[in-house]
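The structure appears right after this line, and notes come after that.
Taken together, the values in this text are just the output of simple stated rules run on the coordinates, not laboratory data. Computed from a predicted model, the values in this text were never measured in an experiment. Glycine gets a Cβ as well: all are built from the backbone with ideal geometry, and neighbour counts include every protein chain shown.
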Amino acid sequence: MSFSISGKTAIVTGAANGIGLSIARHLANAGANVMCADADEKMLMEELGDEPDDGNIRTFAGDLRQRLTIANLISATIDAFDQVDILVNASRQVMTTDALDVEDTSVETLLDHNLMTALHLTRAVSRRMIKQADPESKAQVGSIINLSSTACKQTRPELMGYAIAASAVQQMTRSMALSLAQHRIRVNAISFGSVMSASLRAAVAENREWRDDIRNNTPLGRIASPNELCEAVQFLAADSSGFMTGEIMVIDGGRTLLDAVSAPAH
């Protein structure tokens, strides 16, 4: 089974840091052309600004909550690489929610950033994929991969907004998978638990008890490496997963298999 994505073109959002950056670099190392998009232009240039203009990585800075910015991103990708075959909606924001604060806007903010931006991108990129497709071919036209979270399977009031947005992303994934199947575009999602990104590494370095708590509540007893998530993205992007669509791939070391209530069930 081949997981080759060599020669394909991917757009990866949230690519200036963390998991998005790891995914972008992984896909590029696997031979894909990658357009790395993020709102943080400074960090984007610090991480990827020294890439050669004739290489397989390009950068795009802009607020993807704006429709015009999305159109410009797609145009920049086509100008650089002629086509787009893969979209990875990796840009995510995490905020806490105060359920009793009437001034709290975290739910609206997280839905706008984590859900609506991914939806608008999916629609726009899908239209481009359909336009460039060969109507006489039966080959896969494109693969769209959304990043979600196992937070939607757990009830933590302080993460209510994040969990709601993650749940919505999963439902969007299933709905868009059905809508785009006739166009030979697949839509899948990865729902993940704790991944040792730079931010998590810094957090657990300051709080050893938190690190131990994550490990103790994960059946496999460890935190995932970014590469494990990146390889799952590559699998979903490759033709080898060509009969998968509308699936939510869970990568959490078994954490969501645990009963959150410690008392025995009756």
> Once the Cα atoms of the chain are picked out, what are the Rg and Dmax in Å?
Replying inline: 18.6, 64
> With each label point set 7 Å from Cα along the Cα-Cβ vector, what nm distance links Asn207 and Leu119?
Replying inline: 3.2 nm
>> Tell me the angle of helix 117-132 to the major Cα principal axis of the chain, expressed in degrees between 0 and 90 and rounded to the nearest ten.
In response: 30 degrees
>> Please list 3J(HN,Hα) in residue order for the range 76-92, calculated via the Karplus relation 6.51 cos²θ - 1.76 cosθ + 1.60 where θ = phi - 60°; whole Hz, with x for glycine and proline.
In response: 5, 5, 5, 4, 7, 10, 6, 7, 9, 10, 9, 10, 10, 7, 9, 6, 9
> What relative contact order, as a whole-number percentage, does the range 9-253 give when Cα pairs under 8 Å and 6 or more residues apart are counted?
Replying inline: 19 percent
> Can you list the HN-Hα couplings for the range 161-169, worked out from phi with the Karplus curve (6.51, -1.76, 1.60; θ = phi - 60°), rounded to whole Hz and with x for Gly and Pro?
Replying inline: x, 5, 5, 4, 5, 5, 5, 5, 4
> Using a simple charge model, +1 on the beta-carbon of Lys and Arg, -1 on the beta-carbon of Asp and Glu, nothing else, what dipole does the chain show about its Cα centre, in debye to the nearest 20?
Replying inline: 860 debye
> Considering only DSSP states other than H, G, I, E and B, which trypsin sites (Lys or Arg not before Pro) in the range 23-120 qualify as loop sites with at most 15 other Cβ atoms within 10 Å?
Replying inline: Arg65
> Amide H of Ser191: which non-local residues (sequence gap of 5 or more, or other chain) have their own amide H closer than 5 Å, using H built in the peptide plane?
Replying inline: Ser148, Met249, Val250, Ile251
> Once amide H atoms are placed 1.01 Å from N in the peptide plane, what residues at a sequence separation of 5 or more from Ala32, or on another chain, have their amide H within under 5 Å of its amide H?
Replying inline: Gly7
> Counting only residues 5 or more places away or on other chains, whose amide H sits under 5 Å from the amide H of Ile144 once H atoms are built in the peptide plane?
Replying inline: Leu87, Arg186, Val187, Asn188
> In straight Cα distance, which lysines are under 18 Å from Lys153, not counting same-chain residues fewer than 8 positions off?
Replying inline: none
> Which is farthest toward the positive dipole end of the range 71-117 among Val84, Met116, Thr97, measuring Cα position about the Cα centre, with Cβ charges +1 (Lys, Arg) and -1 (Asp, Glu)?
Replying inline: Val84
>> Between helix 18-29 and the chain, what is the angle of the helix's C-alpha long axis to the longest principal axis, kept within 0 to 90° and rounded to the nearest 10?
In response: 40 degrees
>> Whole-Hz ³J(HN,Hα) for each residue in the range 59-71, computed from phi via Karplus 6.51 cos²θ - 1.76 cosθ + 1.60 with θ = phi - 60°, x for glycine and proline: what do you get?
In response: 10, 9, 10, x, 7, 6, 6, 9, 4, 5, 5, 4, 4
> If you rank Asp112, Asp212, Asp54 by fewest surrounding Cβ atoms within 10 Å, what's the result?
Replying inline: Asp54, Asp212, Asp112
